[in-house]
Amino acid sequence: MKNIILILVGFALVLMSCEKFLEPKSQSDYVPKDVVSLSEALLRQGYPSPGDQSQFLFSLNNLFDDDMDCTRENASHANNAARTEKYKAYYSWHPQMFQITWDLGTYMTTWKATYERIMGANATLDYVGKVEGSEDEKNYLKGQAYALRAFYYFNIVNLWGEPYNHNKSALGVPLMTSSSMTSDYPKRNTVDEVYSQIMNDLSEAEKCFESLPANFRFIKDGRINMPVVQLMIARVALFREDWETAKEYSKKVMDGWDLELLDLNSFTPTTAQPYYSFTKFTNPEAVWLYGSAIDVTRYLTDYVYLNPSSTAVIRRIFNASESLLNSFDQNDLRKDYYIVKESSTVTNYMAYGKVPVNSSYAVVTTDFGRAIRVSEAYLMYAESCSRLNDPASAIETLERLRRNRYKTGTGYSVPVNSRNGTALLEFIKEERRRELCFEGMRWFDLRRYGMPAFSRNWKENGVITATFSLKEKDPAYTLPIPDDVINRNVNLKQNKLGEAQY
């Protein structure tokens, strides 16, 4: 077991840095003997684990969109300038954000961390035919590995590649589908090639799960399952504007499994449990739980001091944006049940939500940080129906969702002026923003919506000192490849960079 873990780490480091990590005497020294050992290796090296506080897999996802803003408090203190400077490059979409944050100690190794997990999936697929075990056991493991690889590639191609519906011929990210040791410097594949690989992997994952007995297709244990594979197929189809496939697979997730929409009216906050446990298997909406809470909230939980004389009274650097907060109706329970407040006495809404917190509203670092929920399938189904000129089905699906989000007896219906055509589609987009806020999808959605212009104010000691803006279709909607990655691979071509705003 120790040897297979070492070699999996070795594959990742070799392919990321083009330097030899291990020089094994024989490849057979590192091949596990049975499928159980290989499964354990995948769990350690391929999955985004809940307790790992050092990973940066999803730390970037919530930093760039219009759902977050600087604190609105007059947080004035001598130490605040140094604190805020650490995040200014990310907040302003600076073209040198990774070099600046490297120097300031807040650099996020998302590229490297993701490829390490991809290599874990690749090694599993390379070795699974060489280990002892039944065909069902092997197919179960292969289905997980294919889906994980697709999941990671979808995330990073939407960070470092241009939007598929804008320019699928643009450079995406390098495709690595083998764990074989190599000294080659991988080139970037096109966005279209990456998406094709993602769909091929998801198709293979689906076949593997279809071959299994029914009771093995949806096990709630933190591993990949059949409904999350189907949801990811629908998600990728949505981004490719394949509305028929998105509709078909969303429907499979909605109706094919023991999944239910949570009625928010059924939850009563208490001092001990101020927020519902969305990242628990008891959540009837949970399709899959994954990742670390500290990863998805990293740098969103940092703080500044409230006044010059205090070293104890603090406020978080970032809050939920006013545009997001104002999008919720008065009777919509999601604003207060989804978005974490600073404390029971401070009503500032933080720039994160649906993560595990304790009675003090502090993030619990040992639990899963994310839940993929069936509500996303409802939204994808509604959007697909709207784009396929079936507004009645879109509205019916939206109202099924909203009925479970509004105070009992209040108006959850889709407004009369938003029940057809462009108005309905815009309403679905806003509903998607409300329902999936701080789940890492808003930035990706803005990209596929045409990369609209928007601005964010920057504050220092409570005073607006700058306004940072993205133009429509701004190059900054595609992140720069990190400097350390470029420096280690001569074949990686940098993206077109946006303008520095400070």
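What order do you get for 334-344, 127-137 when each peptide is scored by the mean count of other beta carbon atoms within 10 Å, highest first?
Output ranking for 334-344, 127-137: 334-344, 127-137.
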Checklist entry - Using alpha carbon centroids, what distance separates the stretch 390-454 and the stretch 131-184, in Å? => result 30
Checklist outcome for this item: Non-local residues with an amide H under 5 Å from the amide H of VAL131, with H modelled 1.01 Å from N and Pro and chain starts lacking one, are none
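Taking the highest mean first, how do the peptides 208-215, 375-382, 252-259 order by number of other beta carbon atoms within 10 angstrom per residue?
375-382, 252-259, 208-215
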Next on the checklist: Once each part is reduced to its C-alpha centroid, what is the distance from the stretch 248-270 to the stretch 319-378 in angstrom?
Outcome noted: 18
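Where does each of SER179, SER323, SER469 land when they are ranked from fewest to most other beta-carbon atoms within 10 angstrom? Intermediate values should be presented prior to the final figure.
On the way: SER179 23, SER323 12, SER469 15.
Least crowded to most crowded, the residues run SER323, SER469, SER179.
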Item to check | Length released on extending from ASN348 to THR467, taking residue separation times 0.36 nm less the Cα-Cα span | outcome: 40.7 nm
Checklist outcome for this item: Note on the stretch 255-383: the mean projected area of its alpha-carbon convex hull, in nm², is 9.4
Checklist outcome for this item: Too long for a 25 Å Cα-Cα cut-off, among LYS142/LYS252; LYS168/LYS220; LYS354/LYS493; LYS471/LYS496, are LYS168/LYS220; LYS354/LYS493
Next on the checklist: Show me the ranking of peptides 407-417, 353-363 by mean Cβ neighbours inside 10 Å, starting with the highest.
Outcome noted: 353-363, 407-417
Item to check | Candidate lysines for bridging to LYS88, where Cα separation is under 18 Å - those fewer than 8 sequence places away on the same chain excluded | outcome: LYS459
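Sorting ASP295, ASP332, ASP184 on the 10 Å Cβ count, fewest up front, what's the list? Walk me through the numbers on the way to the answer.
Numbers: ASP295 25, ASP332 20, ASP184 9.
Least crowded to most crowded, the residues run ASP184, ASP332, ASP295.
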Next on the checklist: Taking the number of other C-beta atoms within 10 Å as the exposure measure, put THR301, THR71, THR124, THR311 in order starting with the fewest.
Outcome noted: THR311, THR301, THR71, THR124
Checklist outcome for this item: Residues meeting the amide H criterion for SER292 (H placed from the backbone, H to H distance under 5 Å, 5 or more places apart or on another chain) are GLY369
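Values in this text are rule-based calculations from the coordinates and carry no lab data. Keep in mind the model is a prediction, meaning the values are calculated, not measured. A quick note on method: Cβ atoms are made from the backbone with ideal geometry, for glycine too, and the neighbour counts reach across all protein chains shown.
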